[in-house]
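Each remark here refers to the structure printed beneath this line.
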Amino acid sequence: MVDAKKVKEKISKVSDRVFSGSRNNPHKHCRICHKPIPLSAEPRVCKDTECISKNEKDERNQKQMRLWMFIFFGLFAFSFVGPLILSQF
Ligand SMILES: [Zn+2]
């Protein structure tokens with residue numbers, strides 16, 4: 001038979017751990033200098049102007065990178081699909 005008391009104890013122990021973990025001063029870190037910043041900080045950088053401009057630059061680079069990936073993927077896909085489509089005619 002299952003010992004209800006033991007199960008309850010186990011559950012309370014686990015939930016204790018979960019809740020105390022989330023209570024432990026929640027915060028994020030600046031993605032540039034990794035300084036602790038408040039959870040509400042958006043974008044995820046501290047108030048340092050250097051971090052802000054660096055983050056903006058990074059984001060722009062990422063956008064450009066994604067665009068290039070998209071183009072390359074499109075070309076790659078076309079190199080497979082294109083001949084198939086063209087051979088239909
Ligand atoms: Zn920073």
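Every number here is computed from the coordinates shown, using simple stated rules; none is lab data. Computed from a predicted model, the values in this text were never measured in an experiment. Backbone-built Cβ (ideal geometry, glycine too); neighbour counts: all protein chains shown.
When you go through (1) in contact (Cβ under 8 Å) with a residue 12 or more places away in the chain; (2) within 11 Å of the ligand (Cβ to nearest atom) one by one for L39, which number turns out not to apply?
The number of the failed condition is (2).
Count, please, the residues in segment 34-53 that happen to be basic (K, R) and under 17 Å from the mean Cα position of the chain (by Cα).
Start the filter on segment 34-53 by keeping residues that are basic (K, R), which leaves 35, 44, 47.
When the remaining residues are screened for being under 17 Å from the mean Cα position of the chain (by Cα), the result is 44.
Total satisfying the criteria: 1.
Go through segment 43-89 and give me each residue that's more than 12 Å from the ligand (Cβ to nearest atom), within 30 Å of C33 (Cα to Cα) and polar (S, T, N, Q).
Matches in segment 43-89: N61, Q62, Q64.
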